[in-house]
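Before any comments, here is the structure.
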Amino acid sequence: MKKYEILVQDIVSKICQNVIDHKLPSERELAEKYDLSRFSVRKAMAKLEAIGMVKSKVGSGYFVNTSIMESPLIYNSITENKFGEISYKKIKINKRLPTTHEMQVFSINEDEYIWNIKRLRLVQDKITQIEEARLPFSLFPKMTNENVESSLQKYALSLGLEIDSYLTTYQAVSLSAEDANFLGCKRSSSAMNITNRGFLKSGEVFVVSDILDINYQCTYHTKFNSESLQYRDQNDR
């Protein structure tokens, strides 16, 4: 972990502990306390602001964003980047009939088509992830190369779809030769497979995507679930 990321983790921790509950120490104070350059401190502040943990006020410094404190905090190595730093490159797009599993996921019939998209996600022009996404044709009757090489989430919103939530699953996998070549690593290298299932407010699933990343990082801060602990304890007897 880089030094500025350690500072990010420590400030998040102190905010969660209410050690810092209003205004953050100045850049100079943080640089001296953590033995960092002012540049590294600014990078840490930029990341904290990007994930919504703090807000900056010109001439006053950085302040805790109290409006998100009751919500789970989740950020990863992609979402901390601005949209302008992220781009996409199409590998393939085709329209096909769904598998039995996809019929169940999208609640569609065997003769209803889906889009199958494979693309690269680049951060600051560097290939970072491979994504394979499936979307129901009924919700997205037109899908162009331009749509594929931009944010599918933004495209869904532009069509008037109301996104409600995502279900995300993580699994360690080994890369195929083709995917390893895209990511510039050896075949069978370890990677994280992130599966996202997106839900509309209507309850429909509008996208299922599988993302491969060899340098993925994700941080969570969630409330303690005492009911889950009790259930696991009871079923361990």
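Can you find, within the range 105-150, the residue that is nearest to the chain's Cα centre (by Cα) among those that are of a type in the set (Gly, Ala, Ser) and open to solvent by 20 Å² or more (accessible area, probe 1.4 Å)?
The selected residue is SER150.
Of the residues that sit in the range 126-145 and are in a strand (DSSP E or B) and either of a type in the set (Val, Ile, Thr) or free of Cβ contacts under 8 Å to residues at least 40 places away in the same chain (or both), which one is farthest from SER209 (Cα to Cα)?
Kept after step one, since they are in a strand (DSSP E or B), are these residues of the range 126-145: 126-136.
Among the residues that remain, those that are also either of a type in the set (Val, Ile, Thr) or free of Cβ contacts under 8 Å to residues at least 40 places away in the same chain (or both) are: 126-128, 130.
Values: LYS126: 20, ILE127: 17, THR128: 16, ILE130: 10 Å.
Selected residue: LYS126.
Given the options SER165, SER209, name the one that is part of a strand (DSSP E or B), at pLDDT 95 or above and at negative phi.
Among SER165, SER209, only SER209 is part of a strand (DSSP E or B), at pLDDT 95 or above and at negative phi.
How about the range 93-125: which of its residues are among the acidic types (Asp, Glu) and touching a residue at least 40 places away in the same chain (Cβ under 8 Å)?
Selection gives GLU102 alone.
Mind listing just one residue for me: the one in the range 76-104 that is of a type outside the set (D, E, K, R) and in a loop (DSSP other than H, G, I, E, B) and, of those, farthest from the chain's Cα centre (by Cα)? Steps first, please.
If we filter the range 76-104 for residues that are of a type outside the set (D, E, K, R), which is where we start, we get 76-79, 81, 83-84, 86-88, 91, 93-94, 97-101, 103-104.
Going one step further and asking which of them are in a loop (DSSP other than H, G, I, E, B), we end up with 77-79, 81, 97-99.
On the way: SER77: 7, ILE78: 6, THR79: 5, ASN81: 10, LEU97: 28, PRO98: 26, THR99: 26 Å.
My answer is LEU97.
The values are calculated or read from the model by the stated rules, or taken from the named source; none is laboratory data. Since the structure is predicted, the reported quantities are computational estimates derived from the model, not experimental observations. Positions of Cβ are backbone-derived with ideal geometry, glycine not excepted, and every protein chain shown enters the neighbour counts. Ligands, DNA and RNA are excluded from the accessible area calculation, which covers all protein heavy atoms including side chains. Shrake-Rupley method; radii C 1.70, N 1.55, O 1.52, S 1.80 Å.
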